Amino acid sequence: MTNHILKILSIYTYVTDKTNWTNTMPKDINIISYQIDGRYDHTFNFGKLEVKKDHVFNIAPNEHYSVKKIKKGSSICITFTSDTPVKTELIDCSSNPRFAILFRRLLTYKSIGIKSNYYMALSILYEILSLLNKNPHEESKNSTTHVFSEAHDYLINNFYNQDINLIALSKNSGLSDKYFRETFKKLYGSTPTQFLINLRLNEAAKLLSLGFLSVSEVAESVGISDVYYFSRLFKKKFSIPPSQFKNE
């Protein structure tokens, strides 16, 4: 399922001293949260979900539920509207530290009234949704999952390298180029090429928002030597040129 995000409404850290409460006024918004610690049992009409440390918890719009605190803790939350609502579900993300990294990065851009912060939060939210849309059961059955996990981690750790060869990456996996691209997209929501571009552009937006580097220096820093090509990619993703993004 692909979610087109209409608007991010808020990003915040949630902590409460309440022991029990009921959501009696549900809202027409999506809520996704990452539980940092503690445990809160949420009871819906379909059953109970035990929200614990390193779990991502999605709440669909207009859900009625009650909550019981088992152990006090905190969570990082984001609320938004989309053309396709998220499904209420609980995902154990303890084996994927990428979720913790992404949610903590969201807090950096929680002042979404600032345009550059809003665009950065938007790109992070799309990456979170991409990870959530993976099928963990199908992945666990795939004997070649480790190949894609290694390729995924390699791109994350080396995206700034201009010499990355994606064709060589698929060849080194021992799989056909077509199968590699299609399976990578199923697992991570985009082809290796687009995944690499998104990594570079997200980092570029972060560097531009700091205001210390020129557009050409930022492009070079994220592994794109052609500043004109970089500018076209950036405008396509964020709807404004990098120079305007930097100034705003």
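Assorted remarks:
- Residue 7 - accessible surface, heavy atoms, 1.4 Å probe, Å² rounded to 10: 120 Å²
- When the chain is treated as a Gaussian network with alpha carbon springs shorter than 10 Å, the biggest mean-square fluctuation among 132, 208, 49 belongs to 49.
- The chain, accessible area per residue, ligands and nucleic acids excluded (1.4 Å, Å²): 54 Å²
- Gaussian network model of the chain, Cα within-10 Å springs - most flexible of 86, 218, 147: 147
- Relative contact order of the chain, pairs being alpha-carbon contacts under 8 Å that are 6 or more residues apart, as %: 16 percent
- Each of residue 203 and residue 27 was given a label point 7 Å from its Cα along the Cα-to-Cβ line. The distance between the two points is 3.5 nm.
- Selected from 172, 202, 117 as most flexible by GNM, with the chain as the system and alpha-carbon contacts under 10 Å: 172
- Label of the coordinate-derived value, percent of Cα pairs over 22 Å apart, listed as (1) 50; (2) 59; (3) 54: (2)
- On the chain, 50 percent of the accessible area sits on carbon and sulfur atoms, based on a 1.4 Å probe.
- Counting heavy atoms of the protein chains alone, residue 232 has an accessible area of about 150 Å² for a 1.4 Å probe.
- In the chain, helical runs assigned H by DSSP with n ≥ 4 each contribute -39500 (n - 2.57); averaged across all residues and rounded to the nearest 500, the mean residue ellipticity at 222 nm is -13500 deg cm²/dmol.
- A simple packing score, the average count of other Cβ atoms within 10 Å per residue, orders the peptides 11-20, 35-44 as 35-44, 11-20, with the highest score first.
- Taking amide H atoms as placed 1.01 Å from N in the peptide plane, the amide H of residue 73 lies under 5 Å from those of 16, 39, each 5 or more residues away in sequence or on another chain.
- With Cα atoms, 0 to 90° folded angle of helix 192-210 axis to the chain main axis: 80 degrees
The values are calculated or read from the model by the stated rules, or taken from the named source; none is laboratory data. Given the structure is predicted, the values throughout are model-derived calculations rather than measurements. Ideal geometry is used to build each Cβ from the backbone, glycine not excepted, and the neighbour counts take in all protein chains shown. Note: areas computed on protein heavy atoms with side chains; ligands, DNA, RNA excluded. Shrake-Rupley method; radii C 1.70, N 1.55, O 1.52, S 1.80 Å.
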